[in-house]
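Trainee: Next up is a structure, given as structure tokens.
Derivation of every value follows stated rules applied to the coordinates shown; laboratory data play no part. If you're wondering where the values come from, they're calculated on a predicted model, not measured in any experiment. Every residue, glycine among them, receives a Cβ derived from its backbone with ideal geometry; neighbour counts consider all protein chains shown.
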Amino acid sequence: MPHKNFPFTRRSFLKTSLAAAAGAAALPIKTYAFSPAQTTTYTRYNVMSEGGKKALQSYATGIQAMLNKHPDDPQNWFRNAFVHLMDCPHGNWWFYVWHRGYVGFFEETIRNLSNDPTFAMPYWDWTAQPYIPDSMFDGVRTPTYVASYDTYIHNLDVFTAKFRPSLEAYWASLSAAQRSQLNVRGYSTFQDMWNDVTGNGDPGNEAFATTANARYLSRTNPKLDPATAQDCSAEIIKAGLQPTDYYNQNVSLSFTSSKTPSHMTPPGPNTQFSTIEGLPHNKVHNCIGGVGPLGPGPYGYMTNFLSPVDPIFFLHHANIDRLWVSWTTKQQQQGYPILPSGSELAQLSDEQFLFYVRGDGQFVGPSRAADYLSTDRFHYQYEPGFGDNLQTSNARQKRVKTQVKGVVKANRATLTVPSNAVREHLAPQATALVAEVTVPHPSTGSQTREFHVLVGAPEGVTQADPTSPFFAGTVAFFGNMSHHAAGGDATFAVPLPKAPQAFKGLATTNATIEIRIVPANGGTQQPPLLKRATIRAL
Amino acid sequence: MLFATLISFALLVQTAGAPGRVVNLVLPRSLTAAEGVAVELKLGVLERGNEIEVKTMSGKLLGVISPYGIRSGEEAGTYTVPVPPELVANKRLSLRIILDQHSRGKRAPTNKELRGVRLQITPNH
């Protein structure tokens, strides 16, 4: 079940639930036009769409405004990239949620500085367009644009002179909590952090890049290489959206990467990368930065942790975030949880994110991962793209996320369930449909304490054993009946039979299920009257 | 150790000719129609910029692992690459794992670079 206190996309949840209830088939994304919902303030458009192209104009205005900011200003373009270098999680289950906050606050900054109150970050759907959009090679949208960038990144000495003093002052102002987190990251001193800017002798680890080297892909060579295109391919993305657990210790069954003590925990030997983070996310970064052709480095910005210096970063991560939204919607459609539960949810939610900068240039201050687990904080939705509404032919019909209650009359419950759900239930090794039957405790002194649950049994059938296609199971009361309070009810969960004879109307949209209970072992005593019956999927 | 037992599923063979290491993997049971399969690779320390290609024996590229955010000298972690289920025959799958050093060519990863491989059955949802 979705977390009850989680307001994520109520609108889309309602829409998809209704679609499922009507038995609607999954719609290929390209077959319907997109109309922004009236309840969402901002729409993140595909960069190739008209909305996306319009957003790019404001994006350029905002980038230039950030470039114009003094290095002491947290909204300076490069200072904003240092938030990523100092704080970004990779290889752990905060990867999605931290980047949602980072992109969200950045989006507010661009909205503010571009004076475009409608601005929302466009996304780059690299599955559909495995090349950098041509418009991202124009002006300030590429970090190779000398007129705007060279004054900062002509070479490392220039960059150091511009930014090191400001960053040292910022470092000195950090709170104890921030410093503690940075220690976990491996940045015990300012120099530790700065070593990742310079590479400290390892050109491959140099986060800084000169203007000329800032981005490897170019207007004349915009395509993702075949290996990267494969990692962004439909089959990889579909597989990445398949897991039904937000986190599972088995990485192939997990939507997110490893669970770690802190979002600052660096990846190491025990890190497990989920499909979407480990393949398309990583490979797009490295392809654009020139891993391979520029080996052994230095690489363009996208390859290391100053990657947000390249404006394509935010389109890339908007797409990653969009895929999280797609996965969440799929989970809701199919009745699976969208977050962990219990102590795991608390662990995920309570993680402190301490380095964000708001759209007005002020530091956000302490915030929690919980603040960004939904899209509500930033009030946006996505124009549809690849990965939305994907359902495999084997996907469960989401019927039973809302329970199906039966009508009970004369000890017989009648329930209507989508036939697709029953057919899936009948498949080998499929997740079971389960009947929850509620009956009162037998009266004191009753000699019959066990009852069979029959499903779809013909009228005259009053007995069945496990070999019968109508036999669902036996419910039994244990112990001295006098210990039970008079009038108390008991509910039992009984898997439905795996026999088509037990179901009526399978050839139509909805199947009918009739449930009765009878005394077990040939007992002659009347069974307690069936009070309620509900069907759920496990 | 997560992969200590898993490696037993994989028979790693370095072959002459095509670069890379051939990995013969066996599923514990047959796949159902409602299941897919993924190959999980546990990597050791890779030189910066090196990548791991996962290919079928016929040369089809299934995925490329390109570590990002890994500190120099640190092991790269575990990655999962989806495999089309039709490639599994009689519960068996052979893959070629290649270390791409780019300008320095391609070769089979060493045992320190590729620490383990296993197949994982994944439900389709």
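Trainee: A 19 angstrom limit on the alpha carbon distance is what I want to check against. Which of B:Lys42/B:Lys112; A:Lys259/B:Lys42; A:Lys54/A:Lys238; A:Lys54/A:Lys283 exceed it?
Mentor: Correct reply: A:Lys54/A:Lys238; A:Lys54/A:Lys283.
Trainee: Turning to a different aspect of this structure: Which is farthest toward the positive dipole end of chain B among B:Gly20, B:Leu61, B:Pro82, measuring Cα position about the Cα centre, with Cβ charges +1 (Lys, Arg) and -1 (Asp, Glu)?
Mentor: Final value for the positive-end residue is B:Gly20.
Trainee: A further question follows. Given +1 on the Cβ of Lys and Arg, -1 on the Cβ of Asp and Glu, and no further charges, what dipole in debye does the range A:76-139 carry about its Cα centre, rounded to the nearest 20?
Mentor: Result for the range A:76-139 is approximately 220 debye, rounded to the nearest 20.
Trainee: Follow-up. Averaging sequence separations of C-alpha pairs under 8 Å and six or more residues apart, then dividing by the length of the range A:281-412, give the relative contact order as a whole percent.
Mentor: 19
Trainee: Here's a follow-up. Fewest Cβ neighbours within 10 Å first, please rank A:Cys88, A:Cys287 accordingly.
Mentor: A:Cys88, A:Cys287
Trainee: Bin width 5 Å, origin at 0, all Cα-Cα pairs of chain B: what percent of pairs per bin?
Mentor: Pairs per bin, as whole percents: 2, 11, 22, 24, 20, 12, 6, 2, 0.
Trainee: Given a Förster radius of 30 Å and the C-beta distance between A:Gln249 and B:Glu86 as r, what FRET efficiency does 1/(1 + (r/R0)^6) yield to the nearest 0.05?
Mentor: 0.60
Trainee: Further question on the same structure: Considering all alpha-carbon pairs of the range A:74-155, what whole percent are spaced by more than 23 angstrom?
Mentor: In whole percent, the long-distance tail amounts to 36.
Trainee: How about A:Lys531: which aspartates and glutamates have a C-alpha closer than 14 Å to its C-alpha, ignoring those fewer than 8 places off in the same chain?
Mentor: By straight Cα distance, A:Lys531 reaches A:Glu436, A:Asp489, A:Glu514.
Trainee: Please report how far the C-alpha centroid of the range A:154-202 lies from that of the range A:99-125, rounded to the nearest whole angstrom.
Mentor: 26
Trainee: Using DSSP to call loops (not H, G, I, E or B), can you name the trypsin sites (Lys or Arg not before Pro) in the range A:189-269 whose Cβ has at most 12 other Cβ atoms within 10 angstrom?
Mentor: Within the range A:189-269, the qualifying trypsin sites (Lys or Arg not before Pro) (loop, at most 12 other Cβ atoms within 10 Å) are A:Arg219.
Trainee: For A:Glu436, A:Glu424, which order do you get if you count the other beta carbons within 10 Å of each Cβ and list the fewest first?
Mentor: Fewest-to-most Cβ neighbours within 10 Å comes out as A:Glu436, A:Glu424.
Trainee: Find the relative contact order for the range A:10-382 and round it to a whole percent, using C-alpha pairs within less than 8 Å whose residues are 6+ positions apart.
Mentor: Answer for the range A:10-382 is 26 percent.
Trainee: Calculated FRET efficiency, A:Thr118 and A:Val364, Cβ-Cβ r, R0 35 Å, to nearest 0.05?
Mentor: Efficiency at R0 = 35 Å is approximately 0.95.
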